[in-house]
1. Any residue in the stretch 164-181 that is within 18 Å of the chain's Cα centre (by Cα), at pLDDT 95 or above and of a type in the set (S, T, N, Q)?
2. Would the stretch 95-110 turn up any residue that is of a type in the set (S, T, N, Q), surrounded by 19 or more Cβ atoms within 10 Å (Cβ to Cβ) and either without any contact (Cβ under 8 Å) to a residue 12 or more places away in the chain or assigned to a helix (DSSP H, G or I) (or both)?
3. Could you run through the stretch 188-218 and say how many residues are aliphatic (A, V, I, L, M) and at pLDDT 95 or above?
4. Looking at the stretch 112-119, is at least one residue of a type outside the set (Phe, Trp, Tyr), part of a helix (DSSP H, G or I) and over 22 Å from the mean Cα position of the chain (by Cα)?
5. Would you check if there is a residue in the stretch 175-183 being in contact (Cβ under 8 Å) with a residue 24 or more places away in the chain, surrounded by fewer than 17 Cβ atoms within 10 Å (Cβ to Cβ) and part of a helix (DSSP H, G or I)?
6. Looking at the stretch 132-150, which of the residues that are of a type in the set (Val, Ile, Thr), out of contact with any Asp or Glu (no Cβ under 8 Å at 6 or more places or on another chain) and in contact (Cβ under 8 Å) with a residue 60 or more places away in the chain is surrounded by the fewest Cβ atoms within 10 Å (Cβ to Cβ)?
7. Starting from residues that are of a type outside the set (A, V, I, L, M) and touching a residue at least 12 places away in the same chain (Cβ under 8 Å), keep the ones in the stretch 151-160 and report whichever is farthest from residue 195 (Cα to Cα).
8. Taking the condition assigned to a helix (DSSP H, G or I) and either in contact (Cβ under 8 Å) with a residue 12 or more places away in the chain or in contact with a His (Cβ under 7 Å, 6 or more places away or on another chain) (or both), does residue 188 pass?
Amino acid sequence: MTLPFETDEQTRRRVLSACQDHARLVLDIARQVANMLDSYLKGDAGAVNKYLADILSMDKNVKELHSNTVITLVQTAPVVSRGDVIRLLTKLTAIADSLKGAAYRIESLASLENMIDDEIGKALSQLSTAVLETITELRKTLLTLSLNPQKAIESSKNVKTFEEVADGIYRETDFKVLKGGMDFPRILLVREILLFMENAADSAEDAVDDVQVLVFSV
């Protein structure tokens, strides 16, 4: 709840801090998904299950922070563009949802008897890294926003660069999966992992556009 003596500047900082916390949680999920995938490729089923539990807990925190920040926006004077902030929060939450979807599919993949081939596994790992880098740059952009808005606009270009890398890996790997010799369950699961990962990168690119809009309202 906003205190009666809170200044407009304090309110702006508090809302921006909530957005930065939101991005940090999403980045933590991306890291855990990368770790989860690595554990699967190493054949460590126990670690896969542990990472999934961690991801689900973090996702719950993302949802709670989203809800609490929206409540804060409703309770405050319109010193920031509520619509712009809510759009950013929605994109950040969408990233977490996509990553959670990928995590569930990795768990399902790990439950199957045979591993995927090394080439596809390597490509999945590369995509996971590209997605992680995209989200890392998104959070850096948000952190920079409170210090140097103009620099935040410049750093946002890195988000788009890494998203393009992720997009390229996605398209190339999806084609390899289709022409490969895996059985249908693995084809379906791997393609869904690829799609969820790509959706996460796409949402990060969309979110950085919203961050640039916030430059003019913080």
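The values are calculated or read from the model by the stated rules, or taken from the named source; none is laboratory data. All figures in this text were calculated on a predicted structure; none of them were measured in a lab. Reconstructed Cβ throughout: ideal geometry from the backbone, glycine too, with neighbour counts over all protein chains shown.
1. Scanning the stretch 164-181 turns up no residue that is within 18 Å of the chain's Cα centre (by Cα), at pLDDT 95 or above and of a type in the set (S, T, N, Q).
2. The initial filter retains those residues of the stretch 95-110 that are of a type in the set (S, T, N, Q), namely 98, 108.
With the extra rule that they be surrounded by 19 or more Cβ atoms within 10 Å (Cβ to Cβ), the set shrinks to 98.
Filter once more, so that each one left must be either without any contact (Cβ under 8 Å) to a residue 12 or more places away in the chain or assigned to a helix (DSSP H, G or I) (or both): 98.
Checked the stretch 95-110: at least one residue is of a type in the set (S, T, N, Q), surrounded by 19 or more Cβ atoms within 10 Å (Cβ to Cβ) and either without any contact (Cβ under 8 Å) to a residue 12 or more places away in the chain or assigned to a helix (DSSP H, G or I) (or both).
3. Total satisfying the criteria: 10.
4. The answer is yes; a qualifying residue exists.
5. So far as the stretch 175-183 goes, yes, one or more of its residues are in contact (Cβ under 8 Å) with a residue 24 or more places away in the chain, surrounded by fewer than 17 Cβ atoms within 10 Å (Cβ to Cβ) and part of a helix (DSSP H, G or I).
6. Per the stated criteria, the residue is 136.
7. Among those residues, the one meeting the criterion is 155.
8. No, not satisfied.
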